[in-house]
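To start, the structure itself, in structure tokens.
Computed from the coordinates by the stated procedures, all read-outs in this text should not be read as laboratory data. This one's a predicted model, so the numbers in the text were calculated from it and none came from an experiment.
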Amino acid sequence: MVYDDVNKKWIPSGSSSGLSKVQLYHHQVNNTFRVVGRKLQDHEIVINCAILKGLKYNQATVTFHQWRDNKQVYGLNFSSKDDADAFARAMLQALDVL
Ligand SMILES: CC(=O)N[C@@H](Cc1ccccc1Cl)C(=O)N1CCC[C@]12C=C[C@@H]1CC[C@@H](C(=O)N3CC[C@@H]4C=C[C@H]5[C@H](C)C[C@@H](C(=O)O)N5C(=O)[C@H]43)N1C2=O
């Protein structure tokens, strides 16, 4: 999800709401990280953002985590606590090595 600052509400990222698979990629060569989310149904890329050193990953609730870059605020509304925990662990490990 992305935050619509004008209307002060979260909107689905991409062309429609629906479940997506969100992955954290590590580019070994230059030690960079990127979050990429794809819709399960049609593989539409719904999130594609670089994770930079010093990023603050906010676990607002057990299943809703968020972060911001200079352009927008991203929110991940996880289907389960386990998914949220797994993603948060990977994100925090990435932030540790950046
Ligand atoms: C300093 C800073 O940047 N701070 C950011 C957060 C942050 C901190 C540190 C580092 C980075 C970031 Cl990003 C912040 O506070 N921001 C970023 C933009 C929005 C917000 C501002 C105000 C509101 C108030 C309430 C809360 C909100 O949005 N919350 C709460 C949990 C709750 C869970 C789920 C989602 C649900 C999917 C739909 C909707 C629903 O429940 O209807 N909803 C929500 O309502 C969700 N806000 C925010 O997060």
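Tabulated values for the structure
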{"item": "Placed amide H near Phe33: partners under 5 Å, 5+ positions off or other chain", "result": "His27, Ile51"}
{"item": "Percent RCO, i.e. relative contact order, over the chain, from Cα pairs under 8 Å lying at least 6 residues apart", "result": "23 percent"}
{"item": "Under 5 Å, built H, 5+ apart or other chain: amide partners of Ser13", "result": "Val2"}
{"item": "Relative intensity, log₁₀ I(q)/I(0), of the range 1-40 from a Debye sum that treats every alpha carbon as a point, q = 0.20, 0.25, 0.34 Å⁻¹", "result": "-0.71, -0.84, -1.07"}
{"item": "The chain - mean residue ellipticity at 222 nm from DSSP helices (-39,500 (n - 2.57) per run, n ≥ 4, rounded to 500)", "result": "-6000 deg cm²/dmol"}
{"item": "Spatially near lysine pairs across the range 35-92, Cα under 23 Å, sequence gap of 8 or more or different chains", "result": "5"}
{"item": "Distance cut-off 15 Å, percentage of C-alpha pairs in the chain lying past it", "result": "61 percent"}
{"item": "In degrees, nearest ten, helix 81-97 long axis to first principal axis of the chain (Cα)", "result": "40 degrees"}
